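Reviewing the structure listed below.
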Amino acid sequence: MSISTPGGPERRPTVVSTGKKPAAGRPASGAKAGPAKPAGSPRAGGKGPRKPITPVKVSQGRAWGPIALFVAVGVLAAGIIGYGAWASFQGAKPWDKRANAIDGIVNIRKSDPDSLKYEAHKAGPLTYKYSPPVGGVHNATWQNCMGDVYDAPIASEHAVHSLEHGAVWITYRPDLPQDQVAKLAGKVRGVEKMLLSPYEGLDKPISLQAWGYQLKVDNADDSRIDEFIKDLRVNASVEGPTALCNTGITATGTTPRELQQQPTQ
């Protein structure tokens, strides 16, 4: 048996509108979802697709601090490398070429080699062309030159023999200030093939001698003193680097040893 609804034929349900629009992107209730519009489809009103927005670049100031630091470090490194290369090149030069490059040095080996010649040791007082002398005939006994600091003049005849063995003899005026004398003594004391003594009649406050070389300066702070010592100590030896500087005379006095030992009449 069939059951029918009151009022005749079957009724469809009534749809009641709530007045609300469907959420964006959702089809209305009961409506079928249409195909999605392709990207870039024309906008309403016939206008073309939207142009992409170009990002705006924000100008920022350069970080000059790190840049300046980087440049400074680079310049310093280049300077260090350059100096090292120069120093290496200078050190590779022969000692005599380095010595000749010292400003103010007198190379008597080149300018007056005859003054340095001698045939044998001689006793007694000797006459020298240069003051202080830088070579030539000399006494058989050398002045001890193991970093000896003499507080009184010594005999040139003995000092020249020390030069022959490769010593550097530093002389100074007796009136040189004591702080200057102390600086010179600091360069000499305890250094083999070095000796220091006052010397009367110098035309400059300080004079340095090696065999065949001389340099005169005004004060003990002159950097050329160290250059002279570095380039000529031992190197200027006539008898080679093994020539002795110990077992020499240590007495002061401007007359040769054999005359000093003679009894006075």
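A few notes on this one:
- Taken about its Cα centre, the stretch 80-203 carries a charge dipole of roughly 460 debye when the Cβ of each Lys and Arg holds +1 and the Cβ of each Asp and Glu holds -1.
- Ordering 255, 250 by accessible surface, largest first, gives 250, 255; the 1.4 Å probe counts only protein heavy atoms, with every chain in place.
- Probe 1.4 Å - accessible area at residue 131, Å² to nearest ten: 60 Å²
- Rg/Rh for the stretch 151-217 stands at 0.93; both radii use Cα atoms, and Rh follows the Kirkwood definition.
- For residue 180, the shell of other residues with beta-carbons less than 11 Å away shows a net charge of -3, using +1 for Lys and Arg and -1 for Asp and Glu.
- Within the stretch 198-265: Cβ-based charge dipole about Cα centre, in debye rounded to nearest 20 (Lys, Arg +1; Asp, Glu -1): 180 debye
- Relative contact order %, the stretch 81-200, counting alpha carbon pairs below 8 Å whose residues are six or more apart: 23 percent
- Residues residue 203 and residue 95, FRET efficiency given R0 of 25 Å [Cβ-Cβ distance, rounded to 0.05]: 0.40
- Across 258, 200, the residue with the most accessible area heads the list, and the full order at a 1.4 Å probe is 200, 258.
- With only the Cα atoms considered, the stretch 164-265 has a convex hull volume of 123 Å³ per residue.
- For the stretch 113-265, lysine pairs separated by 8 or more sequence positions, or belonging to different chains, with Cα-Cα distances below 22 Å total 16.
- The heavy atoms of residue 93 offer some 60 square angstrom of accessible surface to a 1.4 angstrom probe.
- Ordered by solvent-accessible area of protein heavy atoms (1.4 Å probe), largest first, the residues 75, 188 come out as 75, 188.
- When the surface is traced with a 1.4 Å probe over the full set of protein chains, residue 179 keeps roughly 90 Å² accessible.
- Relative contact order [Cα under 8 Å, 6+ residues apart], the stretch 128-191, whole percent: 39 percent
- Candidate aspartates and glutamates - alpha carbon under 12 Å from residue 110, same-chain residues fewer than 8 apart omitted: 96
The values are calculated or read from the model by the stated rules, or taken from the named source; none is laboratory data. Here the structure is a predicted model, which means the values were calculated and not measured. Note that we place each Cβ from the backbone using ideal geometry, even for glycine, and neighbour counts take in every protein chain shown. Only protein heavy atoms, including side chains, enter the accessible area calculation; ligands, DNA and RNA are left aside. Shrake-Rupley method; radii C 1.70, N 1.55, O 1.52, S 1.80 Å.
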